[in-house]
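Comments concern the structure below.
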Amino acid sequence: MDLDTLQIYKSLRLPILFLSILIISLYVYRNSRKERMEKPKFRMLEED
């Protein structure tokens, strides 16, 4: 790998990580999805 490619990789590594975490968080914690994702948790608690 030449030096330019390595510099581009290192400069974009963290922003891409943070962007992907943000997108995943928004996907999971939207209101409509949040209710659907937490429903099994409450169902399991009710069974106990």
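Rg and Dmax, both from the Cα atoms of the chain and both in Å, are 19.0, 58. Output the 0 to 90 degree angle, nearest 10, between the alpha-carbon long axis of helix 3-29 and the longest principal axis computed from the alpha carbons of the chain. It is inclined by approximately 10 degrees. Electrostatic tally near Ser32: other residues with Cβ closer than 15 Å to its Cβ, Lys and Arg +1, Asp and Glu -1, net +3.
No value in this document is a laboratory result; all are computed from the given coordinates. Values in this document were obtained by computation on a predicted structure and should not be read as measured data. Methodologically, a virtual Cβ is constructed for each residue, glycine included, from the backbone with ideal geometry; neighbour enumeration extends over all protein chains shown.
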